[in-house]
Each structure stands twice: as structure tokens, then as C-alpha cells.
Amino acid sequence: MTNRINSEISSLIGKKYGPFKVFIESGAIEKFADAIGDENTEHQGPSAIAPPTFPTTFRPKEPFPDFPEDYGDVGLHASQTYEYKRPIVAGDEIDVTMTISNIYQKDGKSGELVFMERDYSFIDSKTNEKIGSAKWITLRRFNK
């Protein structure tokens with residue numbers, strides 16, 4: 001197996017981005033719930049509660065630390081997990097911070113794989129209390 005984690009890639013570990021602010025709107029919650037096929041009425045109206053995977057929609061305006069564009073043949077989503085102290089609700093203003101916590105390599109059936117783990121923190125902008133956290137793992141594949 002070729003070592004794909006060079007100094008440029010390993011220097012990403014520990015990089016932090018944010019915080020960036022996300023305003024939670026009831027319409028966005030409703031559209032997201034509809035898109036994932038969740039018909040639960042708690043995701044509707046002015047006091048809508050966001051589905052657990054709603055933070056996948058959180059995006060900064062500027063690019064955050066990531067693999068270089070030309071790194072690997074294909075970029076893929078590997079997994080995501082969430083933990084909450086309370087639900088995300090319409091009207092929330094959330095400060096989101098992302099840190100690259102790990103980068104590692106494995107050999108896969110279709111080629112070599114390099115994984116990037118990102119740890120997210122969701123903080124209530126008004127109270128400074130932690131709402132929850134997430135771990136998102138993406139990968140880049142290198143064909144054999």
C-alpha cells in the first residue's frame with residue numbers, strides 16, 4: 001500500500017474552522033423533513049423541531065479545511081453521527097465549529113482509501129450553551 005498521507009495532508013489534522021453562524025428557519029426544517037420523507041408534524045410550523053440529521057445542511061460561506069481538489073479519484077461520504085443535549089428548533093441561532101480530528105488510510109477492494117474525520121460542535125448563540133455535536137467522515141479513493 002502506498003502511503004497517501006503526505007505532510008500536506010497530515011498538516012490538516014487539528015485545523016479548526018469557525019465558528020460560523022446558522023439561523024434555523026421553520027421553512028428550512030419543513031423542506032428538509034419533506035426531502036427525507038419524514039411526515040412527523042413536529043417538523044412543521046413556527047416552532048418546528050429539526051430532524052436529527054438536519055445539520056447536514058449547515059454550510060459556511062467560505063471553504064473550510066479539506067482535502068485538495070485533485071487528491072484521489074473520487075470523494076465519498078462515509079458516515080455521520082450526532083449527539084444532542086436538546087433538539088434544534090426553529091428560531092435557534094447556532095455557532096458551528098468544525099475541527100479535523102483524524103486522517104487515516106485503509107486498503108479497500110476498489111483501491112486505497114484515505115478517511116477524514118471532522119468533529120462539529122453546535123453552540124446556542126444566545127445562551128452559549130452546547131446544543132450538540134457531530135462527527136462526519138468523508139473519504140477519498142485512489143483506484144488500483
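Rule-based calculations on the coordinates, nothing more; no lab input. It should be emphasised that the depicted structure is a prediction, and the values quoted were computed from it without experimental measurement. Using ideal geometry, Cβ is built from the backbone for each residue, glycine included, and neighbour counts are taken over all protein chains shown.
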* To do: Given a cut-off of 26 Å, name the pairs among LYS85/LYS106; LYS15/LYS106; LYS16/LYS126; LYS15/LYS61 whose C-alpha atoms lie farther apart than that in the structure shown.
  => LYS85/LYS106
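At 222 nm, what value in deg cm²/dmol follows for the chain if DSSP H runs of at least 4 each add -39500 (n - 2.57) and the sum is divided by all its residues, to the nearest 500? Write down the numbers at each step before the final one.
Values: 2 runs with 14 residues, N = 144.
The per-residue figure over the chain is -2500 deg cm²/dmol.
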* Between the helical axis of 26-35 and the dominant principal axis of the chain, each derived from Cα atoms, what acute angle in degrees is found, rounded to the nearest 10? -> 60
* Asked: If you place +1 on the Cβ of every Lys and Arg, -1 on the Cβ of every Asp and Glu, and leave all else neutral, what size is the dipole of the chain about its Cα centre, to the nearest 20 Debye?
  -> 500
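Using a cut-off of 14 Å between beta-carbons, work out the net charge of the residues near PHE142 (Lys and Arg +1, Asp and Glu -1, PHE142 not included). Mind dumping the intermediate values first?
Working: positive: ARG4, LYS106, LYS109, ARG140, ARG141, LYS144; negative: ASP70, ASP73, ASP107, GLU112.
Every neighbour counted, the sum reads +2.
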* **19 Å reach of a label modelled at ASP34, 7 Å along Cα-to-Cβ, counting backbone N of the range 63-97** => 90-91
* Could you give log10 I(q)/I(0) at q = 0.09, 0.14, 0.21 Å⁻¹ for the chain, computed by the Debye formula over C-alpha point scatterers of equal weight, without solvent? => -0.34, -0.73, -1.22
* Asked: Farthest toward the dipole's positive end in the range 42-144, which of ILE123, GLY108, THR97, given Cβ charges of +1 (Lys, Arg) and -1 (Asp, Glu) about the Cα centre?
  -> GLY108
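Efficiency by 1/(1 + (r/R0)^6): what FRET value for ILE13 and SER79, r their Cβ-Cβ distance, R0 = 25 Å, to the nearest 0.05?
Values: r = 18 Å, r/R0 = 0.73.
So, using R0 = 25 Å, E works out to roughly 0.85.
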